[in-house]
Ligand code: NUP
């Protein structure tokens, strides 16, 4: 996946007007939007289709798919058929669950991102001990795209070592959660930013500043 300016907007707003206002202000600089449960549950999954119709963007559905293979397959199929270009899938569920997602996405000519370790402090207890194994499982399954934390650069670096330089990593946690875009992009292909943009008094300016900070 190619991400303009190496920034992905996490559009976790719950009102349609607000979502469109933010997209109007940011899509000059962005071509990849992450849609998660907050906006999808508030507005319905057709918001994915609507955004795709009105903006020239790629959509990554952050549904952290984490069920048995048969259910995962249905979740992935329906989400991608709404127009999402890719879907984020949890890795801790294991090979069969993840493969079901990969196979369905490939059938639809779309992509999955495998979530390895998470950005919040609580992830240290259960996910951290297994995240490198999850990343290795992804490599063994031939997965190209990964999610790894911007808030834990040492972990991000280790995950990069496991998945290799040709894999594509996207990293949440820049801004509000304490991560820094420039440091993150040493090891990651794109930074995911939500609140620091959509809660800013001037989202366009906030985004411009993040893009500038990467260049210096
Ligand atoms: O480990 C993760 N951390 C994380 O914050 C995996 C994620 N998918 N996210 C998501 O990234 C989170 O749900 C939110 O949509 C976004 C970060 O947003 P913000 O902290 O920049 O507002």
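Just so it is clear, none of the values below were taken in a lab; they were calculated from the coordinates. Predicted, not measured: the structure shown is a model, and the values here were computed from it. A quick note on method: Cβ atoms are made from the backbone with ideal geometry, for glycine too, and the neighbour counts reach across all protein chains shown.
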Suppose each label sits 7 Å from its Cα in the direction of the beta carbon; what would the residue 106-residue 157 distance come out to in nanometres?
3.4 nm
For a Förster distance of 45 Å, can you work out the FRET efficiency between the beta-carbons of residue 78 and residue 212, rounded to the nearest 0.05?
0.70
According to a simple spin-label model (label point 7 Å from Cα along Cα-to-Cβ), what is the distance in nm between residue 49 and residue 204?
3.1 nm
If R0 = 35 Å, then residue 56 and residue 186, at their Cβ-Cβ distance, give a FRET efficiency to the nearest 0.05 of 0.75
Residue 20 versus residue 195, label points 7 Å from Cα toward the beta carbon: distance in nm?
2.7 nm
Per DSSP H run of n ≥ 4, the term is -39500 (n - 2.57); total these for the chain, divide by its residue number, and report the mean residue ellipticity at 222 nm rounded to 500 deg cm²/dmol.
-13500 deg cm²/dmol
Counting only the backbone N, which residues of the stretch 180-216 are under 18 Å from the spot 7 Å out from the Cα of residue 120 toward its beta-carbon?
192-196
Treating the Cα atoms of the stretch 2-213 as identical point scatterers in vacuum, please give the log10 of the normalised Debye intensity I(q)/I(0) at q = 0.12, 0.14 Å⁻¹, two decimals.
-0.57, -0.79
